[in-house]
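Down below is the structure, laid out as structure tokens.
The values are calculated or read from the model by the stated rules, or taken from the named source; none is laboratory data. Bear in mind the structure is a predicted one, so any value in this text is a computation, not a measurement. In this analysis, Cβ positions are derived from the backbone assuming ideal geometry, glycine residues included, and neighbour counts consider all displayed protein chains. To get the accessible areas, we keep the full protein, side chains included, count just its heavy atoms, and leave off ligands, DNA and RNA. Shrake-Rupley method; radii C 1.70, N 1.55, O 1.52, S 1.80 Å.
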Amino acid sequence: MHFIGLVRTVFRSQWQSRCVSAPSIPAECFLLDKRWMQTRFGVKNSRFRTDIVNLAEKIYVKLFSEVRNANSPKDLLYFIRNNFLTLKLKLKTQSVNVVRHCTKQFECVVAHRVRRGQQVFSLYSRIWDEKALEEIIRRMRRNFFTRGKEIIFTACGVLMFNWETERIPDAIMASYKGELDFVRRLEKTTLICTNCGNRLLIDRRVKNITYCECGKISSPAAPNVCEWMPYAEREDMLIWRRASTSRPDLYMYKAYGKFSEISAVDFLQVQIDTNYRMKWDKTVADLHVVDSDPDSHSDIIYWEVKWPQLFSNRDYVFNRRVEVDNERKLMIIVNKNSAHPSVPQKANALRVSEYWSYMVIKPFTDFTEPGIEFVLTYCDDPGMNMPSAVAGWVAMSALPDFLVTLRDASQPGKIKAEVPKGDLALTTSLLEAFVGATAIRREPELIV
């Protein structure tokens, strides 16, 4: 197109400037004015354009000089056919030169575009660097004014945390000691058929369990206790759920299990050892103790949970208190969401504002002997509205999988291989502290 436009412009200009008033076409009209073409097309600045102009001049002179000698249409037709065949052969023989010149032109254009693109990139990089710096300063100033108190409190850390008001009360700890009795009543009233006395099917069949075969007429033995509904069943585990009293779309879950091969001490070790939890729980991104209160065996824990890539991680700051009742052979672990100045909210994680759980562990015989039963009750608001079907599917798979992983991590051989002796001594000293305190309290009774 460039070549055709060049020839068309040359022919039109030459014809108008020199031959429009002439009665016949003189020979001079078929000679190109190189000075005019250099001014019009800038051939001094490009070798490619110079070669194009020279080629156009040759074709121009040869073509119109022979057309001028044509005396009849037949001669003109013969001339056109002959010259086009000749032109085809010449193009074929000169194809190497044509490709070479086209390649040079392409390299020139590409180099120009690359240079222009680099200049534009450098310009916008400088502009965006300035804007990014302004944005960073603006955010720092905004964070300082909106979260200045948290920054100041973080500097003092533990000094600003009041354990007297944040400690989980003794009355709360004592209220959970009847959880195992409650679960036994719950099992009888929600899972036993009134007709045959066998177990009702929840979601799937488990080995060594005789289920009700009454069909549609089967029903629980008594009305539900506190609206807890059977939800899932796995090997050695039962799960109930009920709607939260504060939010109808949020559920609380209660799990009951029996593990005959695990001791209560090992099970407690898995619950409170943050370093070991980082090894066996693959969903944990960060877990560490922020602050401690030895008098009440309480800790402030920071816990960050991994979520899928499309979602932000969830993190928790909660108060954990552990108590051992040697008289009733119970271990109680209570967690309740809290706040601490040393762990402000992160930009890349969503802080969970509503979380609580409690676990009651009871050995079959003694704390150090294999065989336990436990009850875990918890409520967790991840801060995201999702359909009830999706939330139910997540809970149906996540909670049983967690309990299975917890059971596997509590195996005696794995704990001895993974947990250092120093960390094991912490659980032993905790147990001895409660047992020793109970014995001291009984001493005056024995003296009297």
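Note on the range 228-372: lysine pairs with Cα distance below 22 Å, sequence gap of 8 or more or different chains, count 13.
Note that the range 196-355, at 37 °C in a medium of 0.692 mPa s, gets a Stokes-Einstein diffusion coefficient of 172 µm²/s from its Kirkwood radius over C-alpha pairs.
Considering only protein heavy atoms, with the full assembly of protein chains and a 1.4 angstrom probe, order 320, 184 by accessible area, largest first.
Result of the area sort, largest leading: 184, 320.
Say R0 is 45 Å: what FRET efficiency, to the nearest 0.05, do residue 93 and residue 127 get from their beta-carbon distance?
E(calc), rounded to 0.05, equals 0.25.
FRET efficiency for the residue 336 to residue 141 pair, using the beta carbon distance and R₀ = 41 Å, is estimated at 0.70.
Seen from every direction in turn and averaged, the convex hull around the alpha carbons of the range 260-317 projects onto 5.3 nm². Distance between the modelled labels on residue 381 and residue 167, one decimal in nanometres: 2.8 nm (7 Å Cα→Cβ projection).
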